[in-house]
Structures are given as structure tokens and as C-alpha cells.
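The values are calculated or read from the model by the stated rules, or taken from the named source; none is laboratory data. Fair warning: this is a prediction, and the values are worked out from it, not measured in the lab. Reconstructed Cβ throughout: ideal geometry from the backbone, glycine too, with neighbour counts over all protein chains shown.
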Amino acid sequence: MSRLGAWFRNFMKGRYGNDKLNMAILGTGLVLVLVYTFIPSVVAKLVLWAISYILMFWAIFRSLSRNTYKRYQENRKFLQFFERLKDREHRYFDCPKCRQTVRVPRGKGKISISCPKCKEKFVRNT
Ligand SMILES: [Zn+2]
């Protein structure tokens, strides 16, 4: 068992491993498998089966990936997305010029926002 453990540690060396995005992908895949068993339509079953397999392969691919930086960025974006959903006080906009994310208070109507990075000004409805 310890030899197998050592082999596995060596195999995973430099690879990305697991994160919250992977858990969410696997979770969605499992839910789809559960839904699959309750759906009578053959076509819907086939589609669900395909999607759940794609999701599981995607999660495996991510955890074995050696491009850890890219995987880390994906996870960060995923977590950020939920952070923003929870944030009822602010709205987030991307600067049209440099793509910098700007956070502004919600419910102030139309305001002119100036980008903190490149000083570009743009009007958005908050
Ligand atoms: Zn900008």
C-alpha cells in the first residue's frame, strides 16, 4: 500500500490536483447521473449521459493538468463569480479599454466610472 501511495504521490507531482471548481464539476456530473435514472426519455438520457461523462473527464483532466497556473486562474474566476452573486452592495464592470474590473456601489443610477488603472471614463447604469 505504501508503495502504491508513493507511486501516486510521484504521479501527482507537478500536477494540479483538486479544487472547488473540480468539486462543483463532479457534483454537477453526479446530479446529472441521478436525474438520468428518473428520466424516461431515451434522447434526454443520452444527452445527460454524454454531459455527465464530459464533466467527469473535464474534472479528471483539470486535476491531472500540469498547467497549474491556468487551472488556478479558472478556479479563481469560478469563486469570484459566486462572490459577486452574493455581493448585493456592489456591481462589477469591466473597463472597455483595459478589461480591468471596477467595483462600484449598487443603486446609484447612471454614473460615470473612471478606471483606476488606465483612467478611461465610461457610463454605466448601477
Ligand atoms: Zn481601464
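Structural remarks
- The one condition in (1) on the phi < 0 side of the Ramachandran plot; (2) within 28 Å of the chain's Cα centre (by Cα) that A6 fails to fulfil: (2)
Matching residues to (1) in contact (Cβ under 8 Å) with a residue 12 or more places away in the chain; (2) among the small types (G, A, S); (3) assigned to a helix (DSSP H, G or I); (4) out of contact with any Leu (no Cβ under 9 Å at 6 or more places or on another chain):
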position	(1), (2), (3), (4)
L4	no, no, yes, yes
F8	no, no, yes, yes
G29	yes, yes, yes, no
V33	yes, no, yes, no
A44	no, yes, yes, yes
S52	yes, yes, yes, no
N75	yes, no, yes, no
F82	no, no, yes, yes
C98	yes, no, no, yes
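- Residues that are surrounded by 11 or more Cβ atoms within 10 Å (Cβ to Cβ) and outside any strand (DSSP E or B) within segment 117-126 comprise K117, C118, E120, T126, listed in sequence order.
- Among the conditions (1) polar (S, T, N, Q); (2) surrounded by fewer than 12 Cβ atoms within 10 Å (Cβ to Cβ); (3) in contact with a helix residue (DSSP H, G or I) (Cβ under 6 Å, 6 or more places away or on another chain), S52 misses just one, which is (2).
- Of all residues in segment 91-105, none are surrounded by fewer than 12 Cβ atoms within 10 Å (Cβ to Cβ) and within 26 Å of R15 (Cα to Cα).
- Criterion violated by G14 - all others in (1) in contact (Cβ under 8 Å) with a residue 24 or more places away in the chain; (2) in contact with a Ser or Thr (Cβ under 9 Å, 6 or more places away or on another chain); (3) surrounded by 11 or more Cβ atoms within 10 Å (Cβ to Cβ) satisfied: (3)
- In segment 96-123, the qualifying residues are those that are over 26 Å from the mean Cα position of the chain (by Cα) and of a type in the set (K, R), and the one that is nearest to the ligand (Cβ to nearest atom) is K119.
- Against the numbered list (1) at pLDDT below 95; (2) within 14 Å of the ligand (Cβ to nearest atom); (3) surrounded by 13 or more Cβ atoms within 10 Å (Cβ to Cβ), R84 comes up short only at (2).
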